[in-house]
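The values are calculated or read from the model by the stated rules, or taken from the named source; none is laboratory data. Worth saying up front: this structure is predicted, and the values here are computed from it rather than measured. Neighbour counts are summed over all protein chains in view; Cβ atoms, including those assigned to glycine, are modelled from backbone coordinates with ideal geometry. The protein model used for the area step is the full one, side chains on, heavy atoms only, and it has no ligands, DNA or RNA in it. Shrake-Rupley method; radii C 1.70, N 1.55, O 1.52, S 1.80 Å.
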Amino acid sequence: MEILIEQLSEEGLVFEFEKSVETFPVLTEMVATGECEFAAPIRTILRALRVDDMVEMDGDIETSVRLPCSRCLQPFQISLASHFALTYMRRAADGIEDTEPQEVELSTEDMGIVYFQGEKINLKNTIQEQVILEFPLKPLCKQDCKGLCPRCGADLNEDPCDCDRRSSPGKFAVLKNLKLEK
């Protein structure tokens, strides 16, 4: 999953490949910790073209993943699809890393720039980053998921439970009767 800069021209090239999750260390770690389970390999289509010392790249990434619902904890499967556009720029070899870091405000254009060194661009980090960015913040098996009963833990999507659902007075209700002396 590397692009050799010398292969690229101003007309550009299209790269298409399918890789298993084990190719990407961060995604493999997510599977190992039980955060998710990939149901399909990661399919990638990239279009790259060289513009001076920069490489303009846009691409599409697709996969399918099983996640636990954040309300009822039941696993469900969703498709993840990402379209992205990035600019790769060669990092100057004048020892920028040795200087003391300075606070710099990034413009909108700077946000899509990825720096590289050498004569090839490794796409592994870019691809796994784009997959992670597509994960939902609060995964739901369905929009109207009822979740779990807060008292007995029953899945309310399957059957309603017999628990009393009236709102309890709350933890701080006892403070209502507290009398302070002056």
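Take the conditions (1) open to solvent by 90 Å² or more (accessible area, probe 1.4 Å); (2) modelled with pLDDT of 90 or more; Pro75 misses just one of them, which is (1).
Every residue, every condition in (1) more than 18 Å from the chain's Cα centre (by Cα); (2) open to solvent by less than 60 Å² (accessible area, probe 1.4 Å), yes or no:
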| site | (1), (2) |
| --- | --- |
| Ser9 | yes, yes |
| Phe17 | yes, yes |
| Val21 | no, yes |
| Pro25 | no, no |
| Met30 | no, yes |
| Arg43 | no, no |
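Only strands (runs of 3 or more DSSP E) whose full extent lies in segment 1-98 are considered here, and the ones with at least 3 residues that are within 30 Å of Glu158 (Cα to Cα) are 54-68, 75-90. Here Ile5 clears all of (1) open to solvent by less than 80 Å² (accessible area, probe 1.4 Å); (2) in contact with a Pro (Cβ under 9 Å, 6 or more places away or on another chain) except the condition numbered (2). If you go through segment 127-149 and keep only what is basic (Lys, Arg) and closer than 17 Å to Glu37 by Cα, you end up with just Lys138.
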